Amino acid sequence: MAKGKINALQCPECGEDGSQQYYRYCRKCQQPYVMVARDKREISGDFDVVDWFSSRSSAGLIVEDKRSGQQYSIYMSDVFELIKGTRLTGCTLEETKKGSAYGWKVITKEEAV
Ligand SMILES: [Zn+2]
């Protein structure tokens with residue numbers, strides 16, 4: 001089944017994917033990336049949560065595939081969909097106040113006395 005196309009940055013010379021890169025050009029070929037419509041990629045495996053990201057428009061988790069060391073950014077809406085229904089066992093929550101908003105913060109088992 002076709003997964004569809006995605007507009008992505010690619011090196012016109014060696015075909016390296018530039019979408020996840022910080023630089024706007026291929027450091028190997030010194031060529032600026034060009035926008036191409038290519039097939040969407042798919043990666044299966046186990047992913048470790050290593051960091052998170054936040055910008056004005058989005059936030060999410062950064063997960064790493066330990067086999068390749070490759071990191072992937074997952075948007076929070078998809079993270080929520082993934083962890084929805086997950087039970088956080090043995091947690092202690094403590095009331096907190098951020099500005100005028102009330103909420104709860106998680107106190108880990110180790111910190112709770
Ligand atoms: Zn290149």
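Nothing in this text is a laboratory measurement; each read-out follows from the coordinates by a stated rule. No experiment lies behind these values; they were computed from the predicted model shown. Because the Cβ atoms are built from the backbone with ideal geometry, glycine has one as well, and the counts that use them run over all protein chains shown.
Mean shadow of the chain, computed from the convex hull of its alpha carbons, in nm²? Don't skip to the end; give the middle numbers.
Values: hull surface 45.9 nm².
Dividing the Cα hull surface by four gives the mean projection, 11.5 nm².
The residues packed around W104, meaning those with a beta-carbon under 14 Å from its beta-carbon, carry a net charge of +1 if Lys and Arg are +1 and Asp and Glu are -1.
Between T96, I74, S55, the Cα set farthest toward the positive side of the dipole of the stretch 43-113 (charges on each charged residue's Cβ, about the Cα centre) is that of T96.
The label-point distance for K3 and R87, in a model that sets each label 7 Å from Cα toward Cβ, rounds to 3.4 nm.
Based only on other Cβ atoms within 10 Å, what is the fewest-to-most ordering of W52, W104?
Working: W52 14, W104 11.
With the sparsest Cβ surroundings first, the list reads W104, W52.
For the cross-link pairs K3/K98; K5/K84; K40/K105; K66/K97; K5/K98, the ones whose C-alpha atoms lie over 31 Å apart are K3/K98; K40/K105; K66/K97; K5/K98.
Near E16, the amide H atoms lying under 5 Å from its own belong to C11; only residues 5 or more places off or on other chains count, and H is placed 1.01 Å from N.
Which ordering of F80, F53 is given by a fewest-first count of other beta-carbon atoms within 10 Å?
Working: F80 10, F53 13.
If I rank by nearby Cβ atoms, fewest first, I get F80, F53.
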